[in-house]
Amino acid sequence: MQHPDFELYDNVGRTSEQIAAAHFGIATRDDLMRWAHRDAEPFLDKHPLPSDPIAALETAPYLAALVAARTPAEVSAVTQHLLEAAEPALNAVSDILVAIARWGDRNRDETPRKMLLEAASRSLSALTLADEADLAVLRDEYDPAPRPPSKAPPIPSPAPLVSPPAGPTPRR
């Protein structure tokens, strides 16, 4: 039997992912990425890709305008400008993810392909969802749902009950 403290000392300095991977005998994400990077070096030498991140959207003007906004229309202006600025980048990311999903028939199952297609769809869904939220706010401001009348129409009273005539029942 192993000493009960053996695993504790063996795992010092390891992340929870490394401990779980060692327990199940699988590679960590860092292992997989390191091996793929090593094996892709000759390819990247022939096909260099940009190493700088995609230019980030300058958020300061949007945040400053949002702080100054006082009406739903002003907030909508900020929202719509932001969506228009972000749309080309998100469309490009979506297109590339779709191309990656469709590349070759390398997957043993469809799960990775479906995950990539879903990621592509979700990148565009963010735009749609934000636009729908903006329209909901504008609809509430400019075209609210009709309110129920403050005074309900009178409800007609039921007809009075007619009691049967008193006395003996006629015979046939």
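The values are calculated or read from the model by the stated rules, or taken from the named source; none is laboratory data. It should be emphasised that the depicted structure is a prediction, and the values quoted were computed from it without experimental measurement. All Cβ positions, glycine included, derive from the backbone under ideal geometry; neighbour counts span all protein chains shown. Surface areas here come from the heavy atoms of the whole protein model, side chains and all, with no ligands, DNA or RNA. Shrake-Rupley method; radii C 1.70, N 1.55, O 1.52, S 1.80 Å.
Annotations for the structure displayed:
- Qualifying residue in region 28-35 (condition: surrounded by 11 or more Cβ atoms within 10 Å (Cβ to Cβ) and either in a loop (DSSP other than H, G, I, E, B) or in contact (Cβ under 8 Å) with a residue 24 or more places away in the chain (or both)): yes
- Against the criterion of being farther than 30 Å from residue 132 by Cα, open to solvent by 100 Å² or more (accessible area, probe 1.4 Å), modelled with pLDDT under 80 and assigned to a helix (DSSP H, G or I), residue 17 does not qualify.
- Residues of region 115-131 that are open to solvent by 80 Å² or more (accessible area, probe 1.4 Å) and either at pLDDT below 90 or under 30 Å from residue 76 (Cβ atoms) (or both): 118, 122, 129.
- Pair list, Cβ under 6 Å, 6 or more apart: region 78-107 residue without any contact (Cβ under 8 Å) to a residue 60 or more places away in the chain, other residue of a type in the set (Phe, Trp, Tyr) and surrounded by 14 or more Cβ atoms within 10 Å (Cβ to Cβ): 78/62; 82/62
- Selection of region 65-92 for residues being exposed (fewer than 11 other Cβ atoms within 10 Å of the Cβ) and either among the basic types (Lys, Arg) or closer than 23 Å to residue 129 by Cα (or both) yields 67, 70, 71, 84, 88.
- Candidates are the residues of region 36-64 that are touching a helix residue (DSSP H, G or I) at 6+ places or on another chain (Cβ under 8 Å) and in a loop (DSSP other than H, G, I, E, B); the one that is surrounded by the most Cβ atoms within 10 Å (Cβ to Cβ) is 57.
- Hits in region 132-172 - residues which are closer than 30 Å to residue 86 by Cβ, of a type in the set (A, V, I, L, M) and modelled with pLDDT under 85: none
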